[in-house]
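Here is the structure we will look at, set down as structure tokens.
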Protein chains: 2
Amino acid sequence: MKAEILSIGDELLIGQVVNTNASYIGQKLTALGFDVKWITTVGDDQEELRKVLDAAFQRADVIIATGGLGPTHDDVTTKAVAEFFGARLVLKPEILDRIGRVFERRGLEMPKVNEAQAYVPDNAQLIDNRVGTAPGLMFERQGKYLFVLPGVPQEMKAMMEETVLPFLKSKGAGQAILMTTLRTVGLPESMLYEKIGDIAALEQLVSVAFLPTRGGVDVRLTARGADEEECRQRLEEAENRIRKRAGEYIYATGDEGLEQVVAHLLFEKKLTLAVAESCTGGLLAHRLTNIPGSSEYFERGIIAYSNRAKRELLGVPAEVIDTHGAVSAESAVAMAEGVRRVAETHIGISITGIAGPTGGTPEKPVGLVYIGYADAATRFAQKHIFTTERLLNKERSAQAALEILRRRLLQW
Amino acid sequence: MKAEILSIGDELLIGQVVNTNASYIGQKLTALGFDVKWITTVGDDQEELRKVLDAAFQRADVIIATGGLGPTHDDVTTKAVAEFFGARLVLKPEILDRIGRVFERRGLEMPKVNEAQAYVPDNAQLIDNRVGTAPGLMFERQGKYLFVLPGVPQEMKAMMEETVLPFLKSKGAGQAILMTTLRTVGLPESMLYEKIGDIAALEQLVSVAFLPTRGGVDVRLTARGADEEECRQRLEEAENRIRKRAGEYIYATGDEGLEQVVAHLLFEKKLTLAVAESCTGGLLAHRLTNIPGSSEYFERGIIAYSNRAKRELLGVPAEVIDTHGAVSAESAVAMAEGVRRVAETHIGISITGIAGPTGGTPEKPVGLVYIGYADAATRFAQKHIFTTERLLNKERSAQAALEILRRRLLQW
């Protein structure tokens, strides 16, 4: 079955917003076996919307439109869709109530303008919006389906996952496609490529794509076949071959982040952790506390930006800083030990480095980072030289610290 | 003049690659005064390409296509375009030589497969590729222009900047367009809309769009006119009107983040800051340390996730936690005061709340957050009830804390 994605919004045309919604929807539909053949972007323009809806209904079986459901004057999608289907807009009191409650929960009165979001085409099925105010819409015409969803990514994704994808899955797409992504950290793309070896042989089984991310390299495997079972076998065989060559660099499959993997290991082994950060300025702690329930393993984080904070809060001896500098293996180990001691946790981990863009010297360039690790049995520091870009250095450093935790926890 | 962007490639349809090329081209064309009306994405499929070229030539004056110029069997754009224009593909020896030299420079022999890139439609003007191997193509038909560029972002951008944009600028778009974005925080979209008031009158001057982001609402103003001067005057008048009604919520124009605004104020007033975080787990400190030179104002951050850490590191009295709870105005103020005292900074700021998804009670629901503020002259806490989504709650909380800092620093 053929699918079309309609992305609606002036902000997409003028390049103010990158169309990540279309990528997300493309991925999800493809994973269900649908052939995404077109992504069409138009502005908040009723006349153009009518034209692209017309074209989409002629060529596609499933159409997913996003954007233009907001409460303000520039949002015209509901009107355009109603006109296209010759529908009347009717007030749904239950939607109005729900929108009112969204504001009430935040202690605010609902602005008059939000009432518009409770008017919906009388022939649409409504899709509940658990996250925001505008409901989604679903239409059927001659066995073809149109879904109209908000452009706000978290609202759109919630509706896709809870309503649209289960519905489409139940309809079926006529072929099987299975994908898996092996997430790696620690090797640049070309070295990982060489390590995995004979890609041509792998491509007999699945198609293979290398996707460098800011935190590592993802390897995506796509298997096509008559049924799910054939796809599953192809994926399994391909994954096994890759793991034999490069398994130690693979930290997860799917879309799991490295912080989730580390959190699961900490939960499972009932271990606690404290963090001492300098150049990453809280990013490592932020990632470790993105996991629900993180208070079970995360005791505290110290962002010791100044040398005084390193001495006072982590007990890093003044002579270590004087002799080796705050950015050194010795300081990193002292920070990890220090935070572990004051927090009374199983593990202490630290990061100290030169994030840049300035502050580097010939001996200690921008991008130089030491990660310190301490537990009851061992302590060490790992040296890295990353890039000249501040934010990327923060990200790479936090990722490297999480990878140290993962490898150590696997052996615990 | 109307413009259409054609993005070509299976990787875009299946969501493996996000279409940042279209955003870049949309920005550049809009800045030159062209109306980008459509972005159309299709796969590496000759038949579909012919159809979308046909539609584009009917509705647009300028068409920029990217992707599908690579050397392998799956790249079909050149063939499709030649077929569309009834052109023959001819070998250009000077292109073949240049491709050979690209490999030579890297000490490699040119793979046979790259020869295909030296075959170009006999009626195309060629656009030099300074970065990669495939030349770009330009066609004119009845005063309309089609540019065909590689999908590799750095190759496409080099051709745009060196050839396509100067050419289009010389042709002129028949109008001038100027834009500005007013970034706001603190009011939901619909409340901001009502606060700004008579949008119809504003739209006599400029077009106005409301763009909710994860940290607030951006208001984009677009002025069209005969020349730049007219656009500038329209923008200025519109911005003044909006500032009169809602100026206090505007923290920046353009693409500056709230942390940059706060950092500039701290630099300018030579003030220092320390941060005490609970539910945000380091995110506020991370944002404050994303700014180069942040060590001038950022002394330390304490991520006091456990109550013990709140007592030991911030001196929050046990009875405050026992009586009011760790998530309370009293605890927030005590945390802000505590971190300011131990860090000896001008300002202390704190966040304590229930990030979720679990841990809420009827009195203290998920999304309840207190921000504490302390300096030598004042101390207070601000209460918020955000959402039920953990990461969004962390982001909103950090943004609210930055906004408190901005407002306070403006009066310093």
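So, B:Gly172, is that one on the phi > 0 side of the Ramachandran plot, open to solvent by less than 70 Å² (accessible area, probe 1.4 Å) and within 13 Å of another protein chain (Cβ to nearest Cβ) or not?
Against the criterion (on the phi > 0 side of the Ramachandran plot, open to solvent by less than 70 Å² (accessible area, probe 1.4 Å) and within 13 Å of another protein chain (Cβ to nearest Cβ)), B:Gly172 does not qualify.
Assess whether B:Met160 counts as being in contact (Cβ under 8 Å) with a residue 60 or more places away in the chain and either open to solvent by less than 30 Å² (accessible area, probe 1.4 Å) or in contact with a His (Cβ under 7 Å, 6 or more places away or on another chain) (or both).
Working: in contact (Cβ under 8 Å) with a residue 60 or more places away in the chain: yes; either open to solvent by less than 30 Å² (accessible area, probe 1.4 Å) or in contact with a His (Cβ under 7 Å, 6 or more places away or on another chain) (or both): yes.
Taking the combined requirement at face value, the residue satisfies it.
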Legend entry - Residue, nearest to B:Leu211 (Cα to Cα), within the stretch A:25-47, restricted to residues that are open to solvent by 20 Å² or more (accessible area, probe 1.4 Å), facing chain B (nearest Cβ under 8 Å) and touching a strand residue (DSSP E or B) at 6+ places or on another chain (Cβ under 7 Å): A:Asp44
Inset, instruction - Within the stretch A:88-114, work out how many residues are within 12 Å of chain B (Cβ to nearest Cβ) and either open to solvent by 60 Å² or more (accessible area, probe 1.4 Å) or aromatic (Phe, Trp, Tyr) (or both). - result: 7
Inset, instruction - Could you check, for the stretch B:123-136, whether at least one of its residues is surrounded by fewer than 20 Cβ atoms within 10 Å (Cβ to Cβ) and of a type in the set (Ser, Thr, Tyr)? - result: no
Inset, instruction - Answer yes or no as to whether B:Lys79 is crowded, with 16+ Cβ neighbours inside 10 Å, touching a residue at least 12 places away in the same chain (Cβ under 8 Å), within 12 Å of chain A (Cβ to nearest Cβ) and part of a helix (DSSP H, G or I). - result: no
Inset, instruction - Give the stretch A:61-75 a look and list any residue that's surrounded by fewer than 23 Cβ atoms within 10 Å (Cβ to Cβ) and modelled with pLDDT of 95 or more, or say none. - result: A:Asp61
Inset, instruction - Please determine, by comparing only the residues of the stretch B:1-14 that are in a loop (DSSP other than H, G, I, E, B) and either touching a Leu at 6+ places or on another chain (Cβ under 7 Å) or more than 8 Å from every other protein chain (Cβ to nearest Cβ) (or both), which one is least open to solvent (accessible area, probe 1.4 Å). - result: B:Gly9
Legend entry - From B:Arg245, B:Arg234, B:Arg224, residue being within 20 Å of B:Asp35 (Cβ to Cβ) and at pLDDT 95 or above: B:Arg234
Legend entry - Hits in the stretch B:175-213 - residues which are within 30 Å of B:Lys144 (Cβ to Cβ), at the interface with chain A (Cβ under 9 Å from one of its Cβ atoms), free of Cβ contacts under 8 Å to residues at least 60 places away in the same chain and not polar (S, T, N, Q): B:Ala209
Inset, instruction - Check A:Glu319, A:Glu344, A:Glu330 and return the single one that is without any contact (Cβ under 8 Å) to a residue 24 or more places away in the chain and over 30 Å from A:Ile177 (Cβ atoms). - result: A:Glu319
Legend entry - Exclusive hit being within 22 Å of A:Arg311 (Cβ to Cβ), of a type outside the set (D, E, K, R) and either within 13 Å of another protein chain (Cβ to nearest Cβ) or in contact with a Leu (Cβ under 9 Å, 6 or more places away or on another chain) (or both), set A:Gly348, A:Gly356, A:Gly360, A:Gly372: A:Gly348
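Among the strands (runs of 3 or more DSSP E) lying completely within the stretch B:106-187, list those that include at least 2 residues that are under 30 Å from A:Phe103 (Cα atoms).
Working: elements: B:119-121, B:125-127, B:136-141, B:144-149, B:176-184.
Passing ranges, in order: B:176-184.
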Inset, instruction - Quickly run through the stretch B:214-263 and pick out the residues that are outside any helix (DSSP H, G or I), more than 29 Å from A:Gly281 (Cα to Cα) and of a type in the set (A, V, I, L, M). - result: B:Val219, B:Leu221, B:Ala223, B:Ala226
Inset, instruction - List the number of the failed condition for B:Leu69; all other conditions in (1) in a helix (DSSP H, G or I); (2) touching a Gly at 6+ places or on another chain (Cβ under 9 Å) hold. - result: (1)
Inset, instruction - Kindly provide the set of residues from the stretch B:295-305 that are more than 7 Å from every other protein chain (Cβ to nearest Cβ) and either closer than 19 Å to A:Leu288 by Cα or open to solvent by less than 10 Å² (accessible area, probe 1.4 Å) (or both), ordered by number. - result: B:Tyr297
Inset, instruction - State yes or no: is A:Asp218 facing chain B (nearest Cβ under 10 Å), over 22 Å from A:Lys364 (Cβ atoms), in contact (Cβ under 8 Å) with a residue 12 or more places away in the chain and surrounded by fewer than 23 Cβ atoms within 10 Å (Cβ to Cβ)? - result: yes
Legend entry - Residue tally, condition open to solvent by 10 Å² or more (accessible area, probe 1.4 Å) and within 14 Å of B:Ser278 (Cβ to Cβ), over the stretch A:266-289: 1
Inset, instruction - Name every residue in the stretch A:244-261 that is under 21 Å from A:Ala336 (Cβ atoms) and within 14 Å of chain B (Cβ to nearest Cβ), in order of residue number. - result: A:Glu259
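For A:Met179, indicate whether it is open to solvent by 10 Å² or more (accessible area, probe 1.4 Å), out of contact with any Pro (no Cβ under 7 Å at 6 or more places or on another chain) and among the hydrophobic types (A, V, I, L, M, F, W, C). Don't jump to the end; show me each part of the working.
Details: open to solvent by 10 Å² or more (accessible area, probe 1.4 Å): yes; out of contact with any Pro (no Cβ under 7 Å at 6 or more places or on another chain): yes; among the hydrophobic types (A, V, I, L, M, F, W, C): yes.
Considered against the rule, which asks whether it is open to solvent by 10 Å² or more (accessible area, probe 1.4 Å), out of contact with any Pro (no Cβ under 7 Å at 6 or more places or on another chain) and among the hydrophobic types (A, V, I, L, M, F, W, C), A:Met179 comes out as yes.
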Legend entry - Residue under evaluation B:Arg224, criteria (1) within 13 Å of another protein chain (Cβ to nearest Cβ); (2) touching a residue at least 40 places away in the same chain (Cβ under 8 Å); (3) open to solvent by 50 Å² or more (accessible area, probe 1.4 Å); (4) out of contact with any strand residue (DSSP E or B) (no Cβ under 6 Å at 6 or more places or on another chain), criterion not met: (4)
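Every residue in the stretch A:139-157 that is of a type in the set (A, V, I, L, M, F, W, C) and open to solvent by less than 30 Å² (accessible area, probe 1.4 Å), please.
Start the filter on the stretch A:139-157 by keeping residues that are of a type in the set (A, V, I, L, M, F, W, C), which leaves A:139, A:146-149, A:152, A:156.
Passing the criteria: A:Phe139, A:Leu146, A:Phe147, A:Val148, A:Leu149, A:Met156.
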Inset, instruction - Consider B:Arg308 carefully, then state whether it is more than 7 Å from every other protein chain (Cβ to nearest Cβ), open to solvent by 10 Å² or more (accessible area, probe 1.4 Å) and touching a residue at least 40 places away in the same chain (Cβ under 8 Å). - result: no
Inset, instruction - Mind counting the residues in the stretch B:15-38 that are touching a residue at least 12 places away in the same chain (Cβ under 8 Å) and in a helix (DSSP H, G or I)? - result: 10
Inset, instruction - Quickly run through the stretch B:311-345 and pick out the residues that are more than 13 Å from chain A (Cβ to nearest Cβ) and basic (Lys, Arg). - result: B:Arg340
Legend entry - Members of the stretch A:15-24 that are crowded, with 24+ Cβ neighbours inside 10 Å and within 8 Å of chain B (Cβ to nearest Cβ): A:Asn19, A:Ala22
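Go through the stretch A:265-283 and give me each residue that's of a type in the set (A, V, I, L, M), more than 7 Å from chain B (Cβ to nearest Cβ) and in a helix (DSSP H, G or I). Let's see the steps before the verdict.
Quick first cut of the stretch A:265-283, residues of a type in the set (A, V, I, L, M) only: A:265-266, A:271, A:273-276, A:283.
Still in the running and more than 7 Å from chain B (Cβ to nearest Cβ): A:265-266, A:271, A:273-276.
The answer is A:Leu265, A:Leu266.
The values are calculated or read from the model by the stated rules, or taken from the named source; none is laboratory data. Note that the structure is a prediction, hence the values are computed from the model and not measured. Glycine gets a Cβ as well: all are built from the backbone with ideal geometry, and neighbour counts include every protein chain shown. Only protein heavy atoms, including side chains, enter the accessible area calculation; ligands, DNA and RNA are left aside. Shrake-Rupley method; radii C 1.70, N 1.55, O 1.52, S 1.80 Å.
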